[in-house]
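Only one structure is covered here, and it is reproduced in the block below.
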Amino acid sequence: IRGKYEFQTETNESRFEVRNARFSVSGNVHPIVAYKAEIDLSDEGSIKMLDAYARVFPVKDLNFTIGQMRVPFTIDAHRSPHQQYFANRSFIAKQVGNVRDVGAEVGYTWNVGFPIVVNAGVFNGSGLTNQKDYWTKGVNYSAKAQFLFPNVNLVLSTQKIKPSDVTVNMYDAGVTFHYGGFIAEVEYLYKHYSHNA
């Protein structure tokens, strides 16, 4: 649970605001079938289901996921609050990468002296907050590749969304450097709007 305490001097009032109060359950129902369910008990005063998915591991290093999950995009959006390296998420993760949606995803891990993790999926396109229509007429696509070198992680990702009548293609690259207790991270995002929008 993360929170912050605020003191207003003008009115002499104080209040405590809970930033995140998340509860999650995960496990295996079979050696090759896993599940996860996570809710946020305090998302700006409302309760929201964040994750609800099943994951199947048919062979070593390969997995299929179906349900509501974090879309694989950006360098740090996938990190839960307790896994954040810094005091807050990056601007890109908050403004662009903070997307959970209903869909299906495939993931594969290669080990070529260092791990390469690739995830790609197709998603509803309506997002976490608008699941009333179940499946929209168009779908979103997202893919992410992580190259986990010793002390350096390189992340490349791309995403196609269509929030209204305009398609947006996004390309993201990020590098994390960690040595002992020192961590530095940099990220670049390029957005291209169709029809010169």
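The values are calculated or read from the model by the stated rules, or taken from the named source; none is laboratory data. All figures in this text were calculated on a predicted structure; none of them were measured in a lab. Positions of Cβ are backbone-derived with ideal geometry, glycine not excepted, and every protein chain shown enters the neighbour counts. Remember, those area values only see protein heavy atoms, side chains included, never the ligands or the DNA or RNA. Shrake-Rupley method; radii C 1.70, N 1.55, O 1.52, S 1.80 Å.
When nucleic acids and ligands are ignored and a 1.4 Å probe is applied, Y193 ends up with an accessible area of around 90 Å². The largest accessible area among H178, H192, H82 belongs to the first residue in H82, H192, H178, and the rest follow in falling order (1.4 Å probe, all chains).
In this label model, T167 and F23 are separated by 4.3 nm, measuring between points 7 Å along each Cα→Cβ vector.
With every protein chain in place and a 1.4 angstrom probe, the accessible-area ranking of F64, F23, largest first, reads F23, F64.
Charge tally for S194 (other residues, Cβ to Cβ under 14 Å; Lys, Arg +1; Asp, Glu -1): +2.
Cα-based radius of gyration for region 27-174, normalised by 2.2 N^0.38 Å, reads 1.07. Per residue, region 76-197 exposes 59 Å² of accessible surface when a 1.4 Å probe is rolled over the protein heavy atoms with every protein chain present.
Once the C-beta distance of I32 and I116 is scaled by a Förster radius of 25 Å, the resulting FRET efficiency is 0.70 to the nearest 0.05.
How charged is the neighbourhood of G67? Take every other residue with its Cβ under 14 Å from the Cβ of G67, and add Lys/Arg as +1 and Asp/Glu as -1. Can you show the working numbers first?
On the way: positive: K36, R55, R70, R100; negative: E38, D51, D101, E105.
Charge balance in the 14 Å sphere: 0.
Computed from the C-beta positions of Y141 and K48 and an R0 of 30 Å, the FRET efficiency is 0.80 to the nearest 0.05. Largest accessible area first, the listed residues I161, I32 line up as I32, I161 when surface is computed with a 1.4 Å probe on the assembled protein chains. Other residues with beta-carbon under 13 Å from the beta-carbon of A54 carry, at +1 per Lys or Arg and -1 per Asp or Glu, a net charge of 0.
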